[in-house]
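Notes follow the structure.
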Amino acid sequence: MATETFILKFLSPETSCSAHELRFSAEPSAVANAINAEESDLKHGRFDLERVDLLALSESFGLLLPKGVEHVRLESPHSIDSVPYLVHTNFELPLMLDGRKPLAYFCLESHEWLREVQSPFIPYVASGLIIERIIERSFTYPTTSGRTRTLQIFDLFYVLPGEEWRIEPFMSLIDRKVGWTEADEREQGRLFGYSKDECDWWIANRFRCRVDAGLPK
């Protein structure tokens, strides 16, 4: 049976982001057996591992584990992992604390998700190192039963002090009523803090390819 690549992400207790990553190749059935999961769930799932599961993986596949890390997640690689520069996704907080990311944005549909995303940012917002802004929006749309349903959206922004100006143009972008363009994609990248070279690569290799394939952007 063919092997596949898996990633162990050792999460920082301060940021809940990956502080160390370990890749290994193994047969999916063997990985599933080690953590008592269904093999079919490994393809796109991510698993928060108990200590016993982590030790089982270490023994089964000869993995050398870092010391002192308690929260570990098992994932399959995502296509975004092939990008030749550090993509901000899942690294928002540590990059902001390093001053390398001026803006982070999350679009959430429930108070539960909102609280979960806010949690690691709370002490840094309280100290003034990061500024938080929440914009609540409601959308009403018809259902198949002939009734209407209201969807509440939370636009959650985090910015570094002095970078608050980025929020308004970012909201203008996502509120556009016309099709998303290459110029919009490039402007969004600029507001996030990516360099011109990084935006150029993204347009050429990710955005443009999705347009040519007729996929949603």
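The values are calculated or read from the model by the stated rules, or taken from the named source; none is laboratory data. Please read all numbers here as calculations on a predicted model, not as lab measurements. Neighbour counts are summed over all protein chains in view; Cβ atoms, including those assigned to glycine, are modelled from backbone coordinates with ideal geometry.
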- prompt: When Phe121 is evaluated against the numbered criteria (1) of a type outside the set (Ser, Thr, Tyr); (2) out of contact with any helix residue (DSSP H, G or I) (no Cβ under 7 Å at 6 or more places or on another chain); (3) in a helix (DSSP H, G or I), which criterion, by number, is the only one it fails?
  reply: (2)
Residue in segment 35-68 that is nearest to Ala204 (Cα to Cα), counting only those that are touching a Pro at 6+ places or on another chain (Cβ under 9 Å) and touching a residue at least 12 places away in the same chain (Cβ under 8 Å): Lys43
Flag for Arg206 being at pLDDT below 95, among the charged types (D, E, K, R) and in a helix (DSSP H, G or I): yes
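Among the candidates Leu129, Leu160, Leu156, single out the residue that is among the aliphatic types (A, V, I, L, M), within 17 Å of the chain's Cα centre (by Cα) and closer than 26 Å to Leu11 by Cα.
It is Leu156.
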field: Test result for Glu21, over 20 Å from Asp81 (Cα atoms) and not in a helix (DSSP H, G or I)
entry: no
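Given the criterion of a type in the set (D, E, K, R), touching a strand residue (DSSP E or B) at 6+ places or on another chain (Cβ under 8 Å), at pLDDT 95 or above and on the phi < 0 side of the Ramachandran plot, identify the matching residue among Glu163, Glu109.
So the residue among Glu163, Glu109 that is of a type in the set (D, E, K, R), touching a strand residue (DSSP E or B) at 6+ places or on another chain (Cβ under 8 Å), at pLDDT 95 or above and on the phi < 0 side of the Ramachandran plot is Glu163.
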message: Could you list, ordered by first residue, the pairs with Cβ atoms under 8 Å in which the first is in segment 1-22 and closer than 19 Å to His44 by Cβ and the second is assigned to a strand (DSSP E or B) and among the acidic types (Asp, Glu), at least 6 apart or interchain?
response: Phe6/Glu75; Ile7/Glu21; Ile7/Glu75; Leu8/Glu21; Lys9/Glu21; Lys9/Glu75
message: Here are the criteria: (1) surrounded by 12 or more Cβ atoms within 10 Å (Cβ to Cβ); (2) β-branched (Val, Ile, Thr); (3) assigned by TED's automatic domain parsing to the domain that holds Tyr158; (4) over 14 Å from Ile167 (Cβ atoms). Tell me which single one Val87 does not satisfy.
response: (3)
- line: Reported set for segment 150-197 where residues are in a helix (DSSP H, G or I), of a type outside the set (A, V, I, L, M, F, W, C) and exposed (fewer than 13 other Cβ atoms within 10 Å of the Cβ) is Glu168, Pro169, Ser172, Glu182, Lys196, Asp197
- line: Within segment 24-63, the count of residues that are under 23 Å from Pro13 (Cα atoms), of a type outside the set (Asp, Glu) and either in contact with a helix residue (DSSP H, G or I) (Cβ under 8 Å, 6 or more places away or on another chain) or not in a loop (DSSP other than H, G, I, E, B) (or both) comes to 12
query: Only one of Leu95, Leu55, Leu74, Leu65 is surrounded by 17 or more Cβ atoms within 10 Å (Cβ to Cβ) and more than 14 Å from the chain's Cα centre (by Cα); which?
result: Leu74
Among (1) farther than 23 Å from Asp175 by Cβ; (2) over 19 Å from the mean Cα position of the chain (by Cα) - the single one Thr148 does not satisfy: (1)
task: Looking for whichever is surrounded by fewer than 15 Cβ atoms within 10 Å (Cβ to Cβ) and modelled with pLDDT under 90 here; the options are Glu27, Glu21. Which one fits?
output: Glu21
